[in-house]
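Visitor: Would you mind keeping the following structure in view while I ask a few things?
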Amino acid sequence: MMDEDSVLHDAACHCGAVQFRVRLSDGLNSARRCDCSLCRMRGAVAVSARVGDIVFVQGEENLSLYQFNTKVARHYFCKTCGVYTHHQRRSDPGQFGVNVACIAGMSPFDFPEVLVMNGVVHPSDADGADRLAGVLRFSKL
Ligand SMILES: [Zn+2]
């Protein structure tokens, strides 16, 4: 398998107004779903990137920011086509989650099974710091 850490992937929203390049911190191994109130509607599979490892080629100003609940996580989507591109995580503000479907050559249907994070009981709200408490189950597509 190639060294994903060295690869800059091309990525874009559906309409193409927002275009960026992203280096993934753990390739496709970081693919996750989440069952929080937002993610269960948005339905995306996210992969991880370090903050700073997204470079916008165009259209950063065409992103809208959505925040809810504790307003710590920063969820971005294209103003024109509405597609979620990435978010800055509440569980680790040094990380972005990136919509795998926005990345050229990747698809959420590439994953036979995806970890589902327990976003209803967020790791930051759980007693103790058991990060694994956030893992709810595997989901088949
Ligand atoms: Zn768009």
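Visitor: Which order do the peptides 24-37, 104-117 take when ranked by the mean count of other beta-carbon atoms within 10 Å per residue, highest first?
Guide: Descending packing order for the listed peptides: 24-37, 104-117.
Visitor: Shifting gears a bit: Give me the extension gain from residue 72 to residue 56: residue separation times 0.36 nm, minus the current Cα-Cα distance, reported in nm with one decimal. Show your work: numbers first, answer last.
Guide: Values: separation 16, 0.36 × 16 = 5.76 nm, distance 2.21 nm.
Difference between extended and current length: 3.5 nm.
Visitor: Exactly which trypsin sites (Lys or Arg not before Pro) in segment 41-71 are in a DSSP loop and have at most 13 other Cβ atoms within 10 Å? Could the numbers behind the result be given before it?
Guide: Working: sites: 42, 50, 71; in loops: 71.
Passing both the DSSP loop test and the Cβ count: 71.
Visitor: Evaluate the charge dipole of segment 1-115 about its Cα centre and quote only its size in Debye, nearest 20, assuming +1 on the Cβ of each Lys and Arg and -1 on the Cβ of each Asp and Glu.
Guide: Working: 12 positive and 12 negative charges, 116 e Å.
Approximately 560 debye in magnitude.
Visitor: Moving to a separate point now. I need the peptides 8-15, 85-92 ranked by packing, meaning the mean over residues of other C-beta atoms within 10 angstrom, with the highest value on top.
Guide: On the way: 8-15: 18.1, 85-92: 20.6.
Averaged packing, sorted descending, gives the order 85-92, 8-15.
Coordinate-derived values only; no laboratory data. Just so it is clear, the structure is predicted and the values come from calculations on it, not from any experiment. Using ideal geometry, Cβ is built from the backbone for each residue, glycine included, and neighbour counts are taken over all protein chains shown.
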